[in-house]
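Q: Questions regarding the structure given below will be posed in turn.
Derivation of every value follows stated rules applied to the coordinates shown; laboratory data play no part. If you're wondering where the values come from, they're calculated on a predicted model, not measured in any experiment. We place every Cβ from the backbone using ideal geometry, glycine too, and count neighbours over all the protein chains shown.
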Amino acid sequence: MRITPAPDRDDGIVEGITDYEVETEHYWALTEAFSTVLATSVLVPGPAEPWHEPVEFPVVWTRRWGAGRVFVCTLGHRVADLRVPRTAAIVDRGLRWAART
């Protein structure tokens, strides 16, 4: 799947990370207006799928919850996924952001 970071985010989590390919499982995920989407992927339907158009969905997002911070990254189903340098950077930065370090 191709990961496309949002270029206009200034939280530092995806700063300097460009589009890249990663072989991992797609999760059908949705966010809502309180979330800040930091990276997306496009799921292209196969011939047996019940939908017919590509669907863009979030793979990395953040959200504030009161005084807390929530970081979500749907990448990383296998250890090999986390060895991809850009994915590892996103996870590291996201966890630091959520922990406020």
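Q: What is the gain in length, in nm to one decimal, between A89 and H26 on full extension, counting 0.36 nm per residue of separation less the C-alpha to C-alpha distance?
A: Value of the extension gain: 20.7 nm.
Q: At 4 °C and a viscosity of 1.567 mPa s, what translational diffusion coefficient does Stokes-Einstein give for the chain, taking Rh as the Kirkwood radius over Cα pairs? Give it in µm²/s as a whole number.
A: Using the Kirkwood radius from Cα pairs, D works out to 91 µm²/s.
Q: The stretch 1-91: which trypsin sites (Lys or Arg not before Pro) are DSSP loop and have at most 13 other beta-carbon atoms within 10 angstrom?
A: In loop regions of the stretch 1-91 (DSSP not H, G, I, E or B), the sparsely surrounded trypsin sites (Lys or Arg not before Pro) are R78, R83.
Q: Give me the number: length gained by fully extending T18 to A99, i.e. 0.36 nm times residue separation minus the C-alpha to C-alpha distance, one decimal in nm.
A: Gain in length upon complete extension: 26.7 nm.
Q: Mind pulling the angle between the C-alpha long axis of helix 85-99 and the longest principal axis of the chain? Nearest 10 degrees, somewhere in 0 to 90.
A: 50 degrees
Q: Then there's this: Name the longest site-free stretch of the chain, where the excluded sites are chymotrypsin sites (Phe, Trp or Tyr not before Pro) in a DSSP loop with no more than 12 other beta-carbon atoms within 10 Å.
A: Answer from the scan: 52-101.
Q: How many nm separate the modelled label positions at V79 and D11, each set 7 Å beyond the Cα in the direction of the Cβ?
A: With each label placed 7 Å out from Cα toward Cβ, I get 2.9 nm.
Q: Still on this model: Please compute the contact order of the stretch 2-99 in relative form: average sequence separation of alpha-carbon pairs under 8 Å and at least six residues apart, divided by the residue count, as a percent.
A: 26 percent
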